[in-house]
1. In the chain, which cysteines lack any other cysteine Cβ under 4.7 Å from their own?
2. How large is log10 I(q)/I(0) at q = 0.11, 0.12, 0.23 Å⁻¹ when the Debye formula is applied to the Cα atoms of the chain, each weighted equally and without solvent?
3. Starting from the 7 Å offset along Cα-to-Cβ, what nm value, one decimal, do you get for the label separation of N54 and S126?
4. Using modelled backbone amide H atoms (1.01 Å from N, in-plane), which distant-in-sequence or interchain residues come within less than 5 Å of V48's amide H?
5. For the chain, report the accessible area per residue in Å² (1.4 Å probe, heavy atoms, rounded to an integer).
6. Could you check the simple spin-label distance between Y104 and V5, using points 7 Å along Cα→Cβ, in nm with one decimal?
7. In whole percent, and with a 1.4 Å probe on the protein chains, what portion of the accessible area of the chain is carbon and sulfur?
8. Ignoring everything but the protein chains, give the 1.4 Å probe accessible area of D46 in square angstrom, nearest 10.
Amino acid sequence: QVQLVESGGGSVQGGGSLRLSCTASGYIYSSYCMGWFRQAPGKERDGVARIDSNGRTWYADSVTGRVTISQDNAKNTLYLQMNSLKPEDTAMYYCAARMHSACYSASWMPSFFGIWGQGTQVIVSS
């Protein structure tokens, strides 16, 4: 079973940057889809970005141009570089993975993913 651990969250001023990391342990299969989600108090969990084993990436409209998802396979680590942060980016950020499948349309839904990290908090002040 793959386990995920996020890190890199914190408190920053508006316009600042953060780089979130998600390190995976266990056996990583050759085909997978991984994503970053975020959830603010009282709101649903929404997709931010996703990447699959083919190197394809997708971004939510709300973050396009400000966020980059990437992976370092040698380190079994997924990254989310966030720039020009806004107060509305404040949320708990989660890393998620699904083995044996590349990303497709259903991977924007949290239910698509079976493996989740514990989350890392991001707070952006005005």
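1. Taking the Cβ cut-off of 4.7 Å, the chain has no unpaired cysteines at all.
2. Ignoring solvent entirely, the Cα scatterers give -0.33, -0.39, -1.46.
3. Going from the N54 label point to the S126 one covers 4.3 nm.
4. It is W36, F37, R38, by chain and number.
5. Roughly 51 Å² per residue, with all protein chains present.
6. A separation of 3.4 nm, rounded to one decimal place.
7. Details: 3090 of 6390 Å².
Of all accessible area on the chain, carbon and sulfur atoms account for 48 percent.
8. 70
The values are calculated or read from the model by the stated rules, or taken from the named source; none is laboratory data. Not measured: the values here are computed from a predicted model. Virtual Cβ from ideal backbone geometry, glycine too; neighbours counted across all protein chains shown. Areas reflect the complete protein model, heavy atoms only, side chains present, ligands, DNA and RNA absent. Shrake-Rupley method; radii C 1.70, N 1.55, O 1.52, S 1.80 Å.
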